[in-house]
Structure formats: C-alpha cells, structure tokens
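Novice: The structure follows.
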C-alpha cells in the first residue's frame, strides 16, 4: 500500500509535468503516422445527403442473394489473406 | 445576426470547406445540407459555426420526410431547430416528398401522389414543422421518375395547393422542373407560369444526366443549355430571386462552381436589364 | 388506396426486389419505361446513395474486396438492414458483422476487423468536440480525493484489438508514405494489433499501441481509480501517464 502511495505521488508529478510541457509538436506528431483532415473528410459525406444526387451512376440492380462470388480486390496481394485458415473452435 | 442572402451562391461541400474557411472567397452566399450538421458538438458543426461568421447561409435539408405518414421525427426536428437557433440562417428548406415510411428511411426523395388526401396530410405536416421551428419553411419541388395511378392533378397544381394550405414558401428547382417535364412529357413553362410569384424565395440549378430512357438528376454536371433557357424564363417571371448552384457528384474545383454561379448572375442581369 | 398503404407497398419494394410488382401496380407505365422499371429507378437510387455512403465509410474494405464484390455486399446489406433513422452518419454500424457472417468471407474474417477499424474512425470523427482540462488543477486535489481520482479519455477515443494486422492493412491502402507502412505483399497478416483512434480538433489520429499502453488506456476507459491504476501498473504508471497526457489520450480528470 505504501508502495502504491509512492507510485501515485510519482504519477501525479508526471501528470503535472506532462501538462506543463504541453502536447507534442506538429513535427513530432507527423513522425507517428497520423492522418490529417484530407483523409478524414472521406467520412464526411455530402452526396448521401442530397437526394438523388448520388443515385449510383453505374449502379446495376443486383439480385440479392444470388451473388456470392469470390472477392477480387487487394486482399489477394496479402499473403494468407485469402487462403483457408485453421479455424479454432 | 443573419447576413442577407442575395445574388447567386453555391452549395457548401466538404471538399471545399478548408479553402472557404482559410481564405475569404468572393461567394455571395452558401447553402449547407442541414443533415450533415446535425450531430451536436461535432467537428462538422465546428466548421459551420466558423463559416457562419463570414458568409450568409441558408439551410437545405433532405430528412424531414414531410410527406411521410409516419409520425414526424421529433428528434430530427429539434436538432434542426437547435442548429437554426444557433446559426440563424436566412431560411430553412426541405423537399415536397417523402423519404421514410413504416420506420424505414430511404435517404432518397420519393414523390407523392397528387391527391386531396396528400395535400391535407403534407400541409398539416409542414404547419407542424413551422410551428416547431417557429419559422416559415421553404419547400422544394423534387425531380421524379414516376407518376402514380391515383394522382388526380398536375404537380404544379399540387405544389400550389400545398403551399397555400400550409402558408409556406417555395424553393423552385428549375432543373427538377425540366427533368420531370422530360420524364413525364409536360410543358415546363406551364409549371413556371402556375407558381405564385410572391412565394418563390430561392431557385436551384444543377446538372442532370441523360440515361436514354429518362433524365436523372445527379447534380454531377454543368447546368444544361435547356435549363439555362428555362432559368431565364423563370427570372423573367419571378425577378432577381437568389439562385444556388448544386453540385454533388464529380464535384469540381471551387472556381468551376463559382463560375457557374457567376453565369446565373449574368442571366439575371441580362434578363432584368 | 390510402397514402399509408401506398407508402408501405413502395418502401417494401425498395428494400425487396421481389416485391416490385405490387408497387408497380401503383405507378403508370408511359414513355420508354414501364411501371416496374420506374419503381426500379427508385430502388437503384436508394441502393446507390447508401452504396456510395458505405464506400466512403469503408474505403479500405472496398479496395480489399474489390469494387464489384463490395457493391453486391452493400446491396445485400441494405436490403437486410435498411436505415431506420434520418441521421445517415449513424448507418453502417452493422456492416462489419455482416461481412463476418458472409458465406464468401468465412476464410477471411480479418476483413471484418478492418471494417471495425473503419467504423471506429467514423465514430471518432463524429464524436463531440472537447477542450483539454487544466491539469494544473491537480495540485488542488488532496490525498482523500486522489483515492477517488479518475482520468478521462476523449469522447472520440476508440480502442480496438485484433488478431490481425489491421493497422498495417489500413496504412498500406493510404496514398501517403509513412515509416510504418509495409507493402501488402510483405505484410505479416497474423499478428495481434492494438489500435487507438481519436480526434483532436479537426484532426483524426490512429496509432498502434503496445500491450501495456493498451491495458492502461482500457483501464482508464473503464473508469479505474488512481489507486487501482497504481496497484496494477506500479512503476510503469508515471511514464504511461506522461505519454498519455502529452499525446492527448487523457483529456481530463474527475473526482468520483
């Protein structure tokens, strides 16, 4: 318990120091591979919010339930991405 | 405080939001898609509040489902109201259509059958929304690809009856009139000439796509020549109504959009000279 | 037919191709299109709108599965679980589970985990804005309060763990280069990855966490009090805290 008190005191001191030193600079952030707004806005979608605006330019009327095919995308490039895996359980 | 909306503006799209926030663009006014800003405290609202300080704004929604026979979604209405009170747009619009029914939401604009029953129902719903928002609502005509068997009047007679009964205003989408006129073989001028001049608050322009069997309102192209010609007729009848360019698919760079808005301003100047 | 009945027939046809004929009875055939084709335009339009929305939400899954498969999966998902709320940003939460249950993807369950990561990014982006607390106020917290001190992650914080290299797969599909990025062909898929996604202002962040940091942030998310954190993390705690505050992973504190 005494040990935990020491840990807590050190922890609070660390918190105070971290707060005083501020957050990491933009340069340091970049090093750690983070996404800025350019990518993020993919999640901000206008077209769904304007009616027929995105009425699927090349949209085919797919028959639901009759389309189970093999995916043909970048998953094929990943080693072990499409092969049978050992199923546990 | 609300900036006055006049002249020819553009719809605000996320691709352009940083440019518009970072530099003072010569844009007479911006229209937002209300539905994209309904998350309280979100980053989208954060952008909007910044933009609202610099540009006149109008709100254009797609989710009110005014023609639905489901109960009005009170959460939706109250979120719109909170945003309206915070930003104070020049006006708030939505569509004369239904988007949801039986608890399922399509996120698409589906036309209504043009009957007395529908007029009563929709006008009552519009009144309900106007009472909740404590604002007049502006109602837009949608483009359509079908006509119901039971429709008993023209679209323009239906629109006029609804706005009269609900005492609301009109957002006249000239491209939608043209698209529907081609799809259903009616005279777009007959439509324009039936609309009460004093109720038209705003005009929309956009580009459609010709699918061979029908015109599709994709908002993905420049405004067509035929729609520019119809727009000139509309300005002749309604005067210098604030006009907005909508572009949602294959969204071009900002200067292209602004050039399209400038073209609308030129048509206004030419017709009203 | 009453308006509620008409809307019922129509909306049923939009989310069920087999019900089109009943809706077509409500619609005029004219010009180049018959009534069923006209109803079909609306079915396609709704599916097109939601497909484009799902593509923007799940761009890496779209690339992994290929455009054709993704479109078919989207159409099927939309029919099975149509939207029920007018707020589009809420739609698509069940897409990862849908992919996990898909018969064609039973040997590729990792793709559903990539979908979970993409949904977490969407959630983080849509979370509320928050300002960081003033940690200097900690100096005013007395010993009794320290025992009830709880640290708080940003509302946007999403902690994910997967038995697969979901962060690496995601990175490999981004156009930008980064030191961590590995080409898909060289990627070791079978490795546990712990990911934190959070938003600070207008920026979305995604980082890989080590096991200790993951456990630490998870404990904070579960509102563990400071003495419990001290008990569990012992001498590691000060450094864990320091990093977490500096990185913006801990936004504020509260005394329960």
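Novice: For the stretch B:93-113, name all the residues that are under 19 Å from the mean Cα position of the chain (by Cα) and closer than 21 Å to residue C:89 by Cα. Can you show your working first?
Specialist: The initial filter retains those residues of the stretch B:93-113 that are under 19 Å from the mean Cα position of the chain (by Cα), namely B:93-100, B:106-112.
Across the stretch B:93-113, the qualifying residues are B:93, B:94, B:95, B:98, B:99, B:100, B:106, B:107, B:108, B:109, B:110.
A quick yes/no check of all residues on (1) under 21 Å from residue B:123 (Cβ atoms); (2) touching a helix residue (DSSP H, G or I) at 6+ places or on another chain (Cβ under 8 Å); (3) free of Cβ contacts under 8 Å to residues at least 12 places away in the same chain; (4) crowded, with 19+ Cβ neighbours inside 10 Å:
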site	(1), (2), (3), (4)
B:35	no, yes, no, yes
B:40	no, yes, no, no
B:45	no, yes, no, yes
B:49	no, yes, no, no
B:52	no, yes, no, yes
B:57	no, yes, no, yes
B:68	yes, yes, no, yes
B:72	yes, yes, no, no
B:78	no, yes, no, no
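Novice: Would you check which residues across the stretch C:3-33 are at pLDDT 95 or above, part of a loop (DSSP other than H, G, I, E, B) and over 27 Å from residue C:90 (Cβ atoms) and list them?
Specialist: If the condition is that a residue be at pLDDT 95 or above, part of a loop (DSSP other than H, G, I, E, B) and over 27 Å from residue C:90 (Cβ atoms), then C:25, C:26, C:28, C:29 are the ones that fit.
Novice: Test residue C:44 against the stated conditions and say whether it is in contact (Cβ under 8 Å) with a residue 60 or more places away in the chain and either crowded, with 20+ Cβ neighbours inside 10 Å or facing chain A (nearest Cβ under 9 Å) (or both). Quick ask: steps written out before the conclusion?
Specialist: On the way: in contact (Cβ under 8 Å) with a residue 60 or more places away in the chain: no; either crowded, with 20+ Cβ neighbours inside 10 Å or facing chain A (nearest Cβ under 9 Å) (or both): yes.
Taking the combined requirement at face value, the residue does not satisfy it.
Novice: Pick out, from the stretch C:120-232, the helices (runs of 4 or more DSSP H) lying fully within it that include 2 or more residues that are buried (at least 20 other Cβ atoms within 10 Å of the Cβ) and at pLDDT 90 or above.
Specialist: On the way: elements: C:143-146, C:166-172, C:211-221.
In the stretch C:120-232, C:166-172, C:211-221 are the helices (runs of 4 or more DSSP H) which contain 2 or more residues that are buried (at least 20 other Cβ atoms within 10 Å of the Cβ) and at pLDDT 90 or above.
Novice: Looking for something on the phi > 0 side of the Ramachandran plot and more than 9 Å from chain A (Cβ to nearest Cβ) - is there at least one such residue anywhere in the stretch C:56-77? Talk me through it step by step, then tell me what you get.
Specialist: At the first step, the residues of the stretch C:56-77 found to be on the phi > 0 side of the Ramachandran plot are C:66.
This time we only want the ones that are more than 9 Å from chain A (Cβ to nearest Cβ), so: none.
No.
Novice: Can I ask one more? Could you tell me which residue of the stretch B:211-226 is modelled with the lowest pLDDT, considering only residues that are away from chain C (no Cβ under 12 Å) and surrounded by fewer than 22 Cβ atoms within 10 Å (Cβ to Cβ)?
Specialist: B:221
Novice: Based on this model, can you work out whether residue B:148 counts as touching a helix residue (DSSP H, G or I) at 6+ places or on another chain (Cβ under 9 Å) and surrounded by fewer than 23 Cβ atoms within 10 Å (Cβ to Cβ)? Give the derivation first.
Specialist: Values: touching a helix residue (DSSP H, G or I) at 6+ places or on another chain (Cβ under 9 Å): yes; surrounded by fewer than 23 Cβ atoms within 10 Å (Cβ to Cβ): yes.
When the stated conditions are applied, residue B:148 passes them.
Novice: Given the condition surrounded by fewer than 21 Cβ atoms within 10 Å (Cβ to Cβ), closer than 26 Å to residue B:212 by Cβ and more than 9 Å from every other protein chain (Cβ to nearest Cβ), answer yes or no: does some residue in the stretch C:96-111 qualify?
Specialist: No, the stretch C:96-111 contains no residue that is surrounded by fewer than 21 Cβ atoms within 10 Å (Cβ to Cβ), closer than 26 Å to residue B:212 by Cβ and more than 9 Å from every other protein chain (Cβ to nearest Cβ).
Novice: Please go through the stretch B:18-33 and give me each residue that is more than 24 Å from residue B:171 (Cα to Cα) and either touching a helix residue (DSSP H, G or I) at 6+ places or on another chain (Cβ under 9 Å) or buried (at least 17 other Cβ atoms within 10 Å of the Cβ) (or both), ordered by number. I'd like the intermediate steps shown before the answer.
Specialist: As a first pass, look at the stretch B:18-33 and keep what is more than 24 Å from residue B:171 (Cα to Cα): B:18-25.
Correct list: B:18, B:19, B:20, B:21, B:25.
Novice: So in the stretch C:53-86, with the set limited to residues that are in contact with a strand residue (DSSP E or B) (Cβ under 9 Å, 6 or more places away or on another chain) and outside any helix (DSSP H, G or I), which one is farthest from residue A:82 (Cα to Cα)? Outline the logic, then answer.
Specialist: If we filter the stretch C:53-86 for residues that are in contact with a strand residue (DSSP E or B) (Cβ under 9 Å, 6 or more places away or on another chain), which is where we start, we get C:53, C:82-86.
Going one step further and asking which of them are outside any helix (DSSP H, G or I), we end up with C:82-86.
On the way: C:82: 29, C:83: 31, C:84: 34, C:85: 35, C:86: 37 Å.
Checking each candidate, the answer is C:86.
Yes/no per residue for (1) part of a helix (DSSP H, G or I); (2) at pLDDT 95 or above:
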{"residue": "B:100", "(1), (2)": "no, yes"}
{"residue": "B:108", "(1), (2)": "no, no"}
{"residue": "B:114", "(1), (2)": "no, yes"}
{"residue": "B:118", "(1), (2)": "yes, yes"}
{"residue": "B:132", "(1), (2)": "yes, yes"}
{"residue": "B:135", "(1), (2)": "no, yes"}
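Novice: Something else about it: Of the residues B:179, B:162, B:122, which is assigned to a helix (DSSP H, G or I), crowded, with 17+ Cβ neighbours inside 10 Å, within 12 Å of another protein chain (Cβ to nearest Cβ) and touching a residue at least 40 places away in the same chain (Cβ under 8 Å)?
Specialist: On the way: B:179 fails: touching a residue at least 40 places away in the same chain (Cβ under 8 Å); B:162 fails: within 12 Å of another protein chain (Cβ to nearest Cβ).
Among B:179, B:162, B:122, only B:122 is assigned to a helix (DSSP H, G or I), crowded, with 17+ Cβ neighbours inside 10 Å, within 12 Å of another protein chain (Cβ to nearest Cβ) and touching a residue at least 40 places away in the same chain (Cβ under 8 Å).
Novice: Additional query: Sort through B:223, B:227 and tell me the only one that's closer than 20 Å to residue B:144 by Cα, assigned to a helix (DSSP H, G or I) and in contact with a strand residue (DSSP E or B) (Cβ under 9 Å, 6 or more places away or on another chain). Spell out how you get there, then give the answer.
Specialist: Values: B:223 fails: assigned to a helix (DSSP H, G or I).
Matching residue, one of B:223, B:227: B:227.
Novice: Would you mind stating whether residue C:132 is closer than 20 Å to residue C:218 by Cα and either without any contact (Cβ under 8 Å) to a residue 40 or more places away in the chain or more than 20 Å from the chain's Cα centre (by Cα) (or both)? Break it down stepwise before answering.
Specialist: On the way: closer than 20 Å to residue C:218 by Cα: yes; either without any contact (Cβ under 8 Å) to a residue 40 or more places away in the chain or more than 20 Å from the chain's Cα centre (by Cα) (or both): yes.
Yes, satisfied.
Novice: OK, next. Of the numbered conditions (1) within 18 Å of the chain's Cα centre (by Cα); (2) assigned to a helix (DSSP H, G or I); (3) crowded, with 17+ Cβ neighbours inside 10 Å, residue B:198 satisfies every one except a single condition; which is it?
Specialist: The one condition residue B:198 does not meet is (3).
The values are calculated or read from the model by the stated rules, or taken from the named source; none is laboratory data. Just so you know, these numbers come straight off a predicted model, no measurement behind them. No Cβ is skipped: glycine too gets one built from the backbone with ideal geometry, and neighbour counts run over all protein chains shown.
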